[in-house]
């Protein structure tokens, strides 16, 4: 097939770009002709909360990435759609994550449409963790332009149905494992690279920091006196996408200055394995979620996880088997961490992770996308 993926990719950075590039590689591996069409302007700078939108790494040499889209120029959307139509693809996969992109993607789809081409919405978030008025106005325009949808959690299908009056085909396939970060290091190697002590235990909070991710809840849990009998440090690895001052003040108030290690800049791909190789458990104390790329990095490096009972997180982290699923409360987070370190749960959970991770193959995602328009056998 000729497949076009529309969404963020190199030179842009972050989990969504990594996702689209990995999906393209999976389709290429299956013998398809794949092109990613990405942005020449993704966000105006005043809308981007981080320090930089761009990757500092080298361009991938095994992918065809074409920078064409200006997210704020309607004339550009028409031109891009017409250009795609000339390529006569079998499938266009729109990797959708926020309402800001709905007019752009919806218009491209309308002008790229042909009798041959199927439009697939691959939905990371239909309604974001921090909704705005745009999330009421724009998504329906995008949804109407699609022929079918793939979501990574049941809760996202519910959100899509809110905008889809025609009951278009939908499939659910969990977020595949992020397996492009390389092999794990030994704990000694990772500690050396990060300038930390091999003999200590580590909890990892990874990814950009916003209120819905619950870092404050984790800090309050980490202050639990029961945890002080263990040589544990909390590593916070990721860029602040909001004012860091409340978190810094909380660390001081809770007297955690000596045991919280802040690495609050963007973590490039080539450093990700250092953090996951060192850590004992990955904590995701989110107040809201759909699915999580952080969980899928943890699966790749075979690390136990602590997640909260929100969105689709509990769907991919079986409680007590590969980690913990707890309420959105510091006390419950602390109880799980105390149990983990007190009872040496790591070894048994890692063995379970090795089995559970087989569910999250990239081939299962492509199968879900390809199954949308297959006629079932009578």
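Across the range 211-229, the qualifying residues are those that are surrounded by fewer than 17 Cβ atoms within 10 Å (Cβ to Cβ) and at pLDDT below 95, and the one among them that is nearest to residue 128 (Cα to Cα) is 212. Just to be sure before I move on: is residue 256 at negative phi and part of a loop (DSSP other than H, G, I, E, B) in the structure I sent? Against the criterion (at negative phi and part of a loop (DSSP other than H, G, I, E, B)), residue 256 qualifies. For the range 78-178, the helices (runs of 4 or more DSSP H) that sit wholly inside it and include 3 or more residues that are within 30 Å of residue 276 (Cα to Cα) are 154-161. A single member of 336, 314, 298, 289 is modelled with pLDDT of 95 or more and closer than 21 Å to residue 151 by Cα, and it is 298. You will find that of 64, 85, 29, 91, the residue that is out of contact with any strand residue (DSSP E or B) (no Cβ under 7 Å at 6 or more places or on another chain) and touching a residue at least 24 places away in the same chain (Cβ under 8 Å) is 85 and no other.
So for the range 199-214 (the condition being in the same structural domain as residue 298 (by TED's automatic domain parsing), in a loop (DSSP other than H, G, I, E, B), in contact with a helix residue (DSSP H, G or I) (Cβ under 9 Å, 6 or more places away or on another chain) and free of Cβ contacts under 8 Å to residues at least 60 places away in the same chain), does at least one residue qualify? Taking every residue of the range 199-214 in turn, at least one turns out to be in the same structural domain as residue 298 (by TED's automatic domain parsing), in a loop (DSSP other than H, G, I, E, B), in contact with a helix residue (DSSP H, G or I) (Cβ under 9 Å, 6 or more places away or on another chain) and free of Cβ contacts under 8 Å to residues at least 60 places away in the same chain.
For (1) under 12 Å from residue 336 (Cα atoms); (2) within 15 Å of the chain's Cα centre (by Cα); (3) in the same structural domain as residue 347 (by TED's automatic domain parsing), each residue gets a yes or a no:
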{"residue": "277", "(1), (2), (3)": "no, no, yes"}
{"residue": "286", "(1), (2), (3)": "no, yes, yes"}
{"residue": "292", "(1), (2), (3)": "no, yes, yes"}
{"residue": "311", "(1), (2), (3)": "no, yes, yes"}
{"residue": "318", "(1), (2), (3)": "no, no, yes"}
{"residue": "325", "(1), (2), (3)": "yes, no, yes"}
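Number of residues in the range 243-267 that are within 30 Å of residue 127 (Cβ to Cβ) and in contact (Cβ under 8 Å) with a residue 40 or more places away in the chain equals 4. If you go through the range 53-69 and keep only what is surrounded by 15 or more Cβ atoms within 10 Å (Cβ to Cβ) and in a loop (DSSP other than H, G, I, E, B), you end up with 53, 55, 60, 63.
Within the range 277-293, identify whether any single residue is surrounded by 21 or more Cβ atoms within 10 Å (Cβ to Cβ) and assigned to a helix (DSSP H, G or I), and answer yes or no. Looking for residues that are surrounded by 21 or more Cβ atoms within 10 Å (Cβ to Cβ) and assigned to a helix (DSSP H, G or I), one finds at least one in the range 277-293, hence yes. Of the residues screened, residue 122 is not one that is under 23 Å from the mean Cα position of the chain (by Cα), farther than 25 Å from residue 365 by Cα and touching a residue at least 24 places away in the same chain (Cβ under 8 Å). The set of residues in the range 162-198 being in contact with a helix residue (DSSP H, G or I) (Cβ under 8 Å, 6 or more places away or on another chain), over 30 Å from residue 148 (Cα atoms) and free of Cβ contacts under 8 Å to residues at least 24 places away in the same chain consists of 197, 198.
The values are calculated or read from the model by the stated rules, or taken from the named source; none is laboratory data. This is a predicted model, so every value here is computed, not measured. For neighbour counting, all protein chains shown are included, and Cβ atoms are generated from backbone atoms with ideal geometry for every residue, glycine included.
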